[in-house]
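Have a look at the structure below before the remarks.
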Amino acid sequence: MKHDPGARELLLAMPDVFPWVRHLSTDEVRAFTLELVEALSDAAELNLDAPITEVIAGWRATARIKADPQQSEEAVRPTSGDFGPVEVRP
């Protein structure tokens, strides 16, 4: 993917498949595309579909936040303090 000449066409197709990528920067769309291709490869090789859903859901949530100026501002605002325990999933 990193050196594939067809990668440009894949990047150009992303907005048609995932319209919400318009809220991501060019570098973020590239990162999403690379992560998605890696997850699809894992799915094919390891028969695991969950990583695909996680990659799409994570990047879609990022786009949703960036699309809303108030949420975007809150997301980059510095925080302090303890927010409690973190749930660790197996």
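Mind checking which residues of the stretch 73-90 are among the basic types (Lys, Arg) and over 19 Å from Thr62 (Cβ atoms)?
We begin by selecting, within the stretch 73-90, every residue among the basic types (Lys, Arg); these are 77, 89.
Hit for the stretch 73-90 is Arg89, nothing else.
Of all residue pairs spaced 6 or more apart or on separate chains, those with beta-carbon atoms under 6 Å, a first member in the stretch 61-79 that is more than 13 Å from Val21 (Cβ to Cβ) and a second member that is surrounded by 10 or more Cβ atoms within 10 Å (Cβ to Cβ) and at pLDDT 90 or above are Gln71/Ile65; Ser72/Ile65; Ser72/Lys66; Ala75/Ile65.
For every residue, the table says whether it meets (1) out of contact with any Leu (no Cβ under 9 Å at 6 or more places or on another chain); (2) among the acidic types (Asp, Glu).
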residue	(1), (2)
Thr33	no, no
Ala44	yes, no
Asp49	yes, yes
Val55	no, no
Ala63	no, no
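The one condition from (1) in contact (Cβ under 8 Å) with a residue 12 or more places away in the chain; (2) within 23 Å of Gly6 (Cα to Cα) that Glu45 does not meet is (1). Here is the figure for the stretch 48-80: residues that are within 8 Å of the chain's Cα centre (by Cα) and not hydrophobic (A, V, I, L, M, F, W, C) total 3.
The values are calculated or read from the model by the stated rules, or taken from the named source; none is laboratory data. Predicted model, so just to flag it, every value in this text is computed and none were measured. Counting neighbours? That spans all protein chains shown, and the Cβs are built from the backbone with ideal geometry, glycine included.
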